[in-house]
There are 2 protein chains.
Amino acid sequence: MVQKNSIISNPNVSVDCVVFGFDGADLKVLLVERYGRDNLDFQDDTLVLPGDLINNHEDLNEAASRVLYDLTGLTKIFLQQIGAFGSPKRLSKPKDIAWLDAVRMNPEARVITIGYYALINIKNYKVRPSSFAKHVVWRAYDEVGELGFDHNDILDRAIHNLRDQLYREPIGFELLPSHFSLHQLYSLYNEIMGGGIDRRNFRRRMLKTGFLKETEEYQEGVPHKPARLYTFIPEEFENASKNNFKFY
Amino acid sequence: MVQKNSIISNPNVSVDCVVFGFDGADLKVLLVERYGRDNLDFQDDTLVLPGDLINNHEDLNEAASRVLYDLTGLTKIFLQQIGAFGSPKRLSKPKDIAWLDAVRMNPEARVITIGYYALINIKNYKVRPSSFAKHVVWRAYDEVGELGFDHNDILDRAIHNLRDQLYREPIGFELLPSHFSLHQLYSLYNEIMGGGIDRRNFRRRMLKTGFLKETEEYQEGVPHKPARLYTFIPEEFENASKNNFKFY
DNA sequence: AAACTTAGTGTAAAAATTACACTTTGAAAA
DNA sequence: TTTTCAAAGTGTAATTTTTACACTAAGTTT
């Protein structure tokens, strides 16, 4: 168990965030263009998840929150840890090695990253004129290609955890405005879960949970019958439906 | 996102394992007495989860496997990551600080740990005459008291993940001998899930899954009708019951 | 006024879940 | 050898949950 005389060099530890948003039709992921730390001129066209090294005295969740704050200006973002990624072979793609070289990092250097996923209401997100706004891009989940480092692995775990959690906890609201139509909610579930949800059954089931409250507001500016807007009551979830919540 | 000129000192990274076993009645956890790295004489009576710092070039899972191998002599143990624990305040209990002092570690030093949980067949476990066998103890889950460091937090996450996974994947078999009675399996589920499972319904449901195969063996040495033994067929789970598996 | 588009609604059949008690079998005791 | 003991093994009916499915209502545009 103890490993007596081997020399252990401490790895760098970073956080990387999979930020999900929903535009009404597609599940989107926030990506950034890779840049060089202390060498900001260097840049390849590789997309990566937003992330950063953790600071001393910083909680892991705090580090993830900080990354999100820098990126969006938002605090109190829904955030969930999905695990640690630490294979020494994380950085093996030629482009990754070129990047390491450009930023003068030792390719042998070990980086462990803690993955998070976050849900944000895409409308609340404002490009930050400071920071890295100009390099930030929303990309449809289906169209995310190859990312740098091992970020596709992190994304895989993130979508898996998202589906898992969406199935069992009322977290979908994090992706929507505070007042939303049942159609918006339906589209969100149907999209994330991969389709096949019955519209009528979904509606009944959602309303039966008791944690949606109807408002007196209606959709505006649509060329057809406007839908009633609802709002989510977290307390009702906590109390009433003691974990019987389930969706498809 | 980038944090320009702050000095970042790399934390130590360790793995800690919650090793579960089942003795037929209780869910057990494997604990070790804390000792001092490079100072093996120092020891307090505090129990902790088995763990170690990761080596260079070692995958996180490899590190966890190594810890388990050192402890049990077993390879190919069921192992599941449960996440990273990295609050800078992890080491705040007086005893923990005394320990850090005794082993000459800087109390400011940052340690991030990756938690795992493992399932082993308690009968296969042999105390290793080398290593730390004399300090190893199986403790009933209900009777684990206060552990050192933040290991109670890790244990909480582990039991939560175990229940979650047991509910959805056929992992209970990892805790049993390869041939087992339905009663053993029932006790295991009932114990881990916190009781209340109907014996007859459980039996029917389990057999209906199709991934239990009956053998021609029977329980021996019991003072009553001996139960038939079954065995688990992983392939049947993979193919047939495409994720429809669910228990209580 | 007609056409278009999405909102909004109910029911019946099938499947899954739950609750529940007696008979069988082998070993041990009388 | 008979009785007793302890756990093994078995089935059904009621309830609940899930699924499949199509038409009317309402507001906007043409």
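Each value in this text was obtained by applying a stated rule to the coordinates, not by laboratory testing. As the structure is a prediction and not an experimental result, all values here were calculated from the model. Ideal geometry is used to build each Cβ from the backbone, glycine not excepted, and the neighbour counts take in all protein chains shown.
I need B:T215, A:T46, A:T209 ordered by Cβ neighbour count within 10 Å, fewest first.
Least crowded to most crowded, the residues run B:T215, A:T209, A:T46.
Taking the Cα centre of chain A as origin, sum charge times position over the Cβ atoms of Lys and Arg (+1) and Asp and Glu (-1), and report the length of that vector in debye to the nearest 20.
On the way: 31 positive and 34 negative charges, 142 e Å.
That gives a dipole near 680 debye.
Given the rule -39500 (n - 2.57) for each run of at least 4 DSSP H residues, summed and divided by the residues of the protein assembly as shown, what is its mean residue ellipticity at 222 nm, to the nearest 500 deg cm²/dmol?
The helix contribution divided over the protein assembly as shown gives -8500 deg cm²/dmol.
For B:E169, place a label point 7 Å from Cα along the Cα-to-Cβ direction in every copy; what are the distances to the other copies, in nm, shortest first?
Label point to label point, same position, other copies: 1.9 nm.
On C-alpha positions alone, give me the angle between the axis of helix A:151-168 and the longest principal axis of chain A, in degrees, nearest 10.
30
Could you work out the mean count of beta carbons from other protein chains within 10 Å of each residue's beta carbon in B:77-87?
For this peptide, the per-residue mean of nearby foreign Cβ atoms is 5.
Would you work out if region A:60-190 is rounded, prolate or oblate? Take a ≥ b ≥ c from the square roots of the eigenvalues of the alpha-carbon gyration tensor; rounded if a/c is under 1.5, else prolate when a/b is larger than b/c, oblate otherwise. Walk me through the intermediate numbers first.
Details: a/c = 2.09, a/b = 1.67, b/c = 1.25.
Here region A:60-190 falls in the prolate category.
With a cap of 11 neighbouring Cβ atoms within 10 Å, and only residues DSSP puts in a loop, list the GluC sites (Glu not before Pro) found in region B:141-248.
B:E146, B:E220
Averaging sequence separations of C-alpha pairs under 8 Å and six or more residues apart, then dividing by the length of chain A, give the relative contact order as a whole percent.
Relative contact order of chain A: 22 percent.
Let me confirm one metric for peptide B:56-63, namely the mean number of other chain beta-carbon atoms within 10 Å of its residues' beta-carbons.
Counting Cβ atoms of other protein chains within 10 Å of each residue's Cβ and averaging gives 5.
Sort shortest first the distances from A:N12 to its counterpart in every other copy, using label points 7 Å along the Cα-to-beta-carbon line, and give them in nm.
2.3
Tell me the distances, shortest first, between B:V222 and the same position across the other copies, using label points 7 Å along Cα→Cβ, in nm to one decimal.
Computed spacing set for this position: 6.0 nm.
Once a ≥ b ≥ c are taken as the square roots of the eigenvalues of the Cα gyration tensor of chain B, is the result rounded (a/c under 1.5), prolate (a/b larger than b/c) or oblate (a/b not larger than b/c)?
Because a/c hits 1.5 or more and a/b exceeds b/c, chain B counts as prolate.
Considering the options A:G83, B:L162, B:G195, tell which one lies farthest towards the positive end of the dipole of the protein assembly as shown, charges being +1 on Lys and Arg and -1 on Asp and Glu at the Cβ, about the Cα centre.
So the residue we want is B:G195.
Would region A:177-239 count as rounded, prolate or oblate if I go by the C-alpha gyration tensor, calling it rounded below 1.5 in a/c and otherwise prolate when a/b exceeds b/c, oblate otherwise?
oblate
Of the options B:L175, A:G221, A:L31, report the single residue whose Cα projects farthest towards the positive end of the charge dipole of the protein assembly as shown (beta-carbon charges: Lys, Arg +1; Asp, Glu -1).
A:G221
Quick one: B:H151, A:H160, A:H224, A:H179, fewest Cβ neighbours within 10 Å first, how do they rank?
Least to most surrounded, the residues fall as A:H224, A:H160, A:H179, B:H151.
How do A:M105, B:M193 rank when sorted from fewest to most other Cβ atoms within 10 Å of their own Cβ?
By the 10 Å Cβ count, ascending: B:M193, A:M105.
Translational D (Stokes-Einstein, µm²/s) of the protein assembly as shown at 20 °C and 1.002 mPa s when Rh comes from the Kirkwood sum over C-alpha pairs? Don't jump to the answer; show the numbers that get you there.
On the way: Rh = 25.4 Å.
Approximately 85 µm²/s, per Stokes-Einstein.
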